[in-house]
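The block underneath contains the structure these notes are about, expressed in structure tokens.
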Amino acid sequence: MTSENNNTVIEFILLGLSSDPSVQIILFHLFLVVYTATLAGNVLLMVAVRTDSRLHRPMYFFLTNLSFMDICYTSIIVPKMLADFLATRKSISFIGCSVQIYFYLFLGESECILLAFMAYDRFVAICNPLRYSTLMNIRVCARMITVVWMMGCIISSVDIYFIVPLAFCGPNIIDHFFCEAPSLLQLSCSDISINNILRLLGSAILLPVPLVLILFSYIQIIMSILRIHHGQYKSFSTCFSHLVVVVIFYGTAMFMYMRPRRSVTDATDKMVSLFYTIITPMLNPVIYSLRNKDVHKALRTLKQRSLFV
């Protein structure tokens with residue numbers, strides 16, 4: 001749809017994952033289950049950490065923030081996608097699209113920084129255990145989380161500042177299941193060179209820099225563990241879950257944002273986006289609790305309390 005006065009697009013059509021009505025019904029039920037599991041898993045993890053004093057440590061403080069990010073991350077995408085599966089006309093307004101892009105970038109960029117801070121926490125815990133309580137006290141953790149949210153807010157605000165003024169003269173069809181910035185920019189009839197520069201600059205800072213810090217932390221951790229004669233497996237098991245999450249998140253994000261556009265098909269773009277926007281937030285609480293005995297104990301305690309009530 002376009003405005004009659006200036007022929008500017010005011011809403012977009014999302015093609016989604018399939019145009020087959022029967023397939024859309026199947027996808028609706030599938031992603032409804034995935035979304036419910038994501039909410040349940042992350043909320044359960046947050047409640048377990050909150051109610052169990054044994055988990056009142058920096059690692060779990062960061063983990064609850066990650067769970068909260070994952071809940072928000074999927075909630076800005078999945079409910080609209082579920083509604084589109086049942087709708088005959090899958091439209092989204094320009095304002096709605098801009099809001100979705102802003103929060104998608106805000107939460108994604110915040111998570112990049114948070115994962116780096118979580119790696120630093122593990123580095124201090126294993127390589128400097130005697131100074132851990134000093135280096136990672138509650139004030140330091142609060143400041144680190146403040147930096148995470150502020151940096152994500154500032155960088156995403158800059159990105160959306162240069163997107164909102166763009167003109168869209170048509171077509172208004174986005175071959176995606178949500179408003180992702182690169183897909184939207186392809187439809188603009190304005191000069192998007194600044195946007196492309198910002199995208200490349202942001203990707204070069206927010207993906208490789210935290211990843212280098214994470215890799216440096218884990219190199220130091222591995223070297224420290226190899227010098228330990230006893231408890232090597234136990235020491236590394238606390239880091240293994242975080243390392244798996246880092247590989248999944250950064251691998252898919254770098255594939256999407258640090259390669260030339262149109263180097264792969266739109267179908268591949270959608271599958272990769274699907275993985276790091278919907279599947280990963282569902283897997284994170286499973287990955288972090290799977291090998292963690294403290295979380296298992298907290299969940300058992302929470303279950304016993306629930307049964308008692």
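Derivation of every value follows stated rules applied to the coordinates shown; laboratory data play no part. None of these values were measured; they are calculated from a predicted model. FYI the Cβ positions are ideal-geometry reconstructions off the backbone, even for glycines, and counts take in every protein chain you see.
Descriptive notes on the structure:
- Helix 58-75 and the longest principal axis of the Cα set of the chain meet at an angle near 20°.
- Database note for the chain: Cys without another Cys beta carbon under 4.7 angstrom, CYS72, CYS112, CYS127, CYS141, CYS153, CYS239.
- Partner aspartates and glutamates whose Cα lies under 18 Å from the Cα of LYS303, excluding those fewer than 8 positions away in the same chain, are identified as ASP52, ASP294.
- Given their separation in residues at 0.36 nm each and the Cα-Cα distance between them, THR301 and ILE222 gain 25.1 nm when the chain is fully extended.
- Kirkwood Rh, Cα atoms: Rg over Rh of the chain: 1.01
- For the chain, the relative contact order comes to 28 percent (Cα pairs under 8 Å, sequence separation of at least 6).
- 0 to 90° range, to nearest 10: angle between helix 94-127 axis and the chain longest Cα axis: 20
- Qualifying aspartates and glutamates (Cα of each under 16 Å from Cα of LYS90; at least 8 residues distant if same chain): GLU11, ASP20, ASP175, GLU180
- For the chain, size of Cβ-based charge dipole, Lys and Arg +1, Asp and Glu -1, in debye: 1580
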